[in-house]
Amino acid sequence: MRDPPNSYDLRMDVDLRQLRALIAVVDEGSFTDAAIALGTSQASVSRAVAALEAALGARVLRRTTRQVAPTVVGARAVRHARRVLEEVAALHRSVASTPEQLRVGFAWAALGRHTTAVQARWAAAHPGAELVFVQSWSRAAGLTDGVADVAVVRQAPTDSRIASAVVGHEARVAAVPSGDPLARRRRLRMSDFTGRMVGLDTITGTTTSDLWPPDSAPATRPVQGIDEWLTLIAAGQAIGLTSEATSVQYPRLGVTYRPVTDAPPLSVWLSWWRDDPPPALDDLKRLIRTAYEAST
């Protein structure tokens, strides 16, 4: 006997992990880069995509030796997957956030030395409403994952659904092994990185090879997250360039921070969903700007 048309079909059992894997492969261009973006293994991404194809009964990606691209079915699946994940993120935001709490996402160093002061001023201005900082290793610092109401980032958001505003500026510092000759100097310059290995977080970091002229750009080594970056430097395997906020929030035995006098400053951005700004957003922006301006 055949099942009625609307009966539940196990073959259509699709989960969010599979949808995230598909979108990551399409956005990043390869299974390897998708795995890096998701913070998982290439094998895990391959299994998730294969499970999605089995659930849908259709191939969603066309693989060649040179590239990975969506099939016609895959392109439709990607459009639907994006909408599904956006709705799930909106669901998280609507039920996880309470009037008594404003969650601020960050990837590396929150607001550095201003973090505690901003929290204290917020508490004085908004009794009973907590300002909570939550860490997320994603480009949007937890905003698109639904774990934050607003996010502190140090790169201008490119997603048109996200609004943002500059709330401060920070100097850059070098992070060098404490036993390195550079650690004995009080100040460094960008030219001191030439010929050295520099650790780069390609997902959430603020340093790129474009900061140096092509003929003097240092060699780079990819890392994932602040702890791996600091461990690499403390072991003497690389040096780093980062925001001054990192030096305040992450002192580490074996790592010495030094100002880089000719490095371009970093803008600090506050970002939020354009169609869903949190309550008291303007007050939060004002408090953060005041903290940064007071330190200049």
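The values are calculated or read from the model by the stated rules, or taken from the named source; none is laboratory data. Computed from a predicted model, the values in this text were never measured in an experiment. Don't worry about glycine lacking a Cβ; one is built from the backbone with ideal geometry, like all the others, and counts go over all protein chains shown.
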Residue satisfying all of: in region 45-66; charged (D, E, K, R) and surrounded by 14 or more Cβ atoms within 10 Å (Cβ to Cβ); nearest to residue 203 (Cα to Cα) among these:
47
In region 257-275, anything within 20 Å of the chain's Cα centre (by Cα) and of a type in the set (D, E, K, R) is listed as 274
Given the criterion out of contact with any Ser or Thr (no Cβ under 6 Å at 6 or more places or on another chain), surrounded by fewer than 17 Cβ atoms within 10 Å (Cβ to Cβ), under 27 Å from residue 45 (Cα atoms) and not assigned by TED's automatic domain parsing to the domain that holds residue 272, identify the matching residue among 77, 81, 69.
69
Could you pull out the residue among 277, 264 that is part of a loop (DSSP other than H, G, I, E, B) and over 30 Å from residue 194 (Cβ atoms)?
277
Go through 246, 242 for me and flag whichever is touching a residue at least 40 places away in the same chain (Cβ under 8 Å), part of a helix (DSSP H, G or I) and closer than 18 Å to residue 169 by Cα.
246
Please state which of the following conditions residue 47 fails to meet, knowing it meets all the rest: (1) in a loop (DSSP other than H, G, I, E, B); (2) at pLDDT 90 or above; (3) of a type in the set (D, E, K, R).
(1)
Quick check, is residue 194 free of Cβ contacts under 8 Å to residues at least 40 places away in the same chain and closer than 19 Å to residue 267 by Cβ?
no
What number of residues in region 1-44 are surrounded by fewer than 13 Cβ atoms within 10 Å (Cβ to Cβ), at pLDDT 85 or above and of a type in the set (A, V, I, L, M)?
2
